[in-house]
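The values are calculated or read from the model by the stated rules, or taken from the named source; none is laboratory data. The shown structure was predicted, so the numbers you read here are calculated from the model rather than taken from an experiment. A quick note on method: Cβ atoms are made from the backbone with ideal geometry, for glycine too, and the neighbour counts reach across all protein chains shown.
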């Protein structure tokens with residue numbers, strides 16, 4: 001018996017029903033989840049990776065695990081993590097099923113927030129067991145993420161007969177399973193994107209504006225403020241709203257917009273959109289008095305109209321290339 005385990009407890013690798021694990025798509029998420037499963041006693045045996053960044057990530061997080069094509073991953077592993085971008089997932093699943101790579105009894109797990117278990121239907125018809133396990137966490141693609149999974153919520157969707165298996169895998173990775181109905185997956189993912197992705201944009205923009213205003217250490221200034229705001233919002237919801245919009249200080253809001261137009265015109269549209277949404281929520285919750293709301297919304301309407309009258313930004317540039325690490329499951 002392993003000396004690190006108390007009497008009466010077996011080491012992870014000695015527990016029953018340990019599975020061989022494969023990863024298709026070595027972005028930020030897949031290798032981390034495979035490493036967390038390894039800590040629970042499962043055995044990573046294969047990973048697919050193409051780009052230099054993916055190959056490095058696989059080597060660092062899953063050292064010694066062979067890099068093979070996706071079909072070979074399915075041939076070697078009993079549990080396969082499909083950790084690819086949301087829009088790539090349906091085509092990948094269909095292709096694997098059409099080429100006969102899917103074998104009966106294989107557990108296929110995808111980590112897309114948007115999709116439920118139905119996206120795996122082509123593989124399910126070939127005998128695979130479909131699970132959707134989405135970690136509600138942003139990933140760096142490094143080993144530090146393994147520890148960050150402790151207590152992380154996972155959005156779980158699976159056929160009812162596989163629900164217990166899905167939840168058990170999440171618990172083994174240190175997470176907390178949260179059942180999401182198939183039809184609710186897009187809304188669930190939209191909520192997480194609003195909370196996490198937009199938060200990064202807002203914080204980065206705030207730091208830039210503070211820098212423009214002459215603040216030497218924007219992150220240091222924002223840290224305590226944003227930490228308190230997040231804690232208050234999680235505890236109290238709309239009741240945590242503060243600031244000029246919630247107070248109905250129309251003059252202050254107008255001054256903000258004027259300064260943004262002068263120093264950071266690219267921030268005006270976002271400020272107006274968030275101010276209007278904040279005003280609506282403050283009004284609905286009773287924080288913002290109707291009389292003050294009228295003046296405030298008038299200012300927001302006037303400034304929005306003024307902004308729309310200006311020349312539109314140049315939209316001729318095409319979309320940027322997808323980041324190599326932006327795989328399914330990474331918020």
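Would you point out which residue out of 99, 111, 138 is within 19 Å of residue 178 (Cβ to Cβ), in the same structural domain as residue 172 (by TED's automatic domain parsing) and surrounded by fewer than 23 Cβ atoms within 10 Å (Cβ to Cβ)?
Every option except 138 fails the conditions.
With respect to residue 278, determine if the residue is in contact with a helix residue (DSSP H, G or I) (Cβ under 7 Å, 6 or more places away or on another chain), at pLDDT 95 or above, assigned to a helix (DSSP H, G or I) and more than 30 Å from residue 84 (Cα to Cα). Yes.
Note on the stretch 182-199: residues that are in contact (Cβ under 8 Å) with a residue 24 or more places away in the chain and over 30 Å from residue 160 (Cβ atoms) total 1. Among the residues of the stretch 38-53, none is identified as in a helix (DSSP H, G or I) and buried (at least 24 other Cβ atoms within 10 Å of the Cβ). State whether the residues of the stretch 7-17 include one that is at pLDDT 95 or above and not in a loop (DSSP other than H, G, I, E, B). Looking through the stretch 7-17, none of the residues is at pLDDT 95 or above and not in a loop (DSSP other than H, G, I, E, B).
Part of a loop (DSSP other than H, G, I, E, B), at pLDDT 95 or above and either more than 25 Å from the chain's Cα centre (by Cα) or farther than 21 Å from residue 137 by Cβ (or both): is that true of residue 91 in this structure?
Criteria not met by residue 91.
For residue 132, the test of being in the same structural domain as residue 25 (by TED's automatic domain parsing), farther than 17 Å from residue 19 by Cβ and buried (at least 23 other Cβ atoms within 10 Å of the Cβ) is passed. Filtering the stretch 139-181 to residues that are within 17 Å of residue 330 (Cβ to Cβ), in contact (Cβ under 8 Å) with a residue 40 or more places away in the chain and in a strand (DSSP E or B) leaves only 155. Scanning the stretch 213-238 for residues that are surrounded by 14 or more Cβ atoms within 10 Å (Cβ to Cβ) and either part of a helix (DSSP H, G or I) or under 27 Å from the mean Cα position of the chain (by Cα) (or both) returns 218, 221, 222, 226, 229, 232, 233, 238. Which numbered condition trips up residue 103, out of (1) free of Cβ contacts under 8 Å to residues at least 60 places away in the same chain; (2) touching a helix residue (DSSP H, G or I) at 6+ places or on another chain (Cβ under 9 Å); (3) outside any helix (DSSP H, G or I); (4) farther than 20 Å from residue 162 by Cα? Result: residue 103 passes all but (4). Within the option set 248, 243, being surrounded by 13 or more Cβ atoms within 10 Å (Cβ to Cβ) and over 21 Å from residue 198 (Cβ atoms) holds for one residue only, 248.
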